[in-house]
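Take a look at the structure below.
Derivation of every value follows stated rules applied to the coordinates shown; laboratory data play no part. Since we're looking at a predicted model, the values are computed, not measured. Don't worry about glycine lacking a Cβ; one is built from the backbone with ideal geometry, like all the others, and counts go over all protein chains shown.
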Amino acid sequence: MELYKNILCTLLQNNAVEVHFPNLALPSDFFSAVCYRTLKKIKAVIEDNTLEDPECFERIEEIMQIFEELCGKIPHRHDFG
């Protein structure tokens, strides 16, 4: 099975791939709006005065959770908890 996977990966890497979603309609500013909301959440975490500097790990953890909400699980993430 691994050989099939390698062959398929090689074929896909060396050829153009087009994906069409004829019934999908996104507003032109969809991605800009999502990015803005994400940055706004990150800014709120950074400005959260209930977390002190020694607790910056908690700030990073909050930011990671925001990204996971938007993009799903982040691979190769260290779990220190």
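Considering only Val19, Val34, Val45, the Gaussian network model of the chain with Cα springs below 10 Å gives its largest mean-square fluctuation to Val19. Computed from phi, the 3J(HN,Hα) profile of segment 56-71 under the Karplus parametrisation 6.51, -1.76, 1.60 (θ = phi - 60°) reads 4, 4, 5, 4, 4, 4, 4, 5, 4, 5, 4, 5, 5, 4, 7, 10 Hz, with x in place of Gly and Pro.
Taking Asn49, Asn23, Asn15 as the candidate residues, the one with maximal mean-square fluctuation in a Gaussian network model of the chain, Cα springs under 10 Å, is Asn15.
Computed about the Cα centre, the dipole magnitude for the chain is approximately 480 debye when only Lys and Arg (+1) and Asp and Glu (-1) carry charge, each at its Cβ. Find which of Thr50, Val34, Asn6 sits farthest along the positive direction of the dipole of the chain, computed with +1 on the beta-carbon of Lys and Arg, -1 on that of Asp and Glu, about the Cα centre. Result: Asn6, furthest along the dipole toward the positive end. Between segment 23-39 and segment 45-71, the alpha-carbon centres lie 23 Å apart. Labels on offer are (i) 45, 22, 9; (ii) 36, 23, 8; (iii) 22, 14, 11, and the one holding semi-axes √(5λ) of the Cα gyration tensor in Å computed from this structure is (ii). Once the C-beta distance of Val19 and Phe57 is scaled by a Förster radius of 35 Å, the resulting FRET efficiency is 0.35 to the nearest 0.05.
Starting from the Cα gyration tensor of segment 10-52, take the square roots of the eigenvalues, sort them a ≥ b ≥ c, and report rounded, prolate or oblate (rounded when a/c is under 1.5, otherwise prolate if a/b is larger than b/c, else oblate). Note, shape of segment 10-52 comes out oblate.
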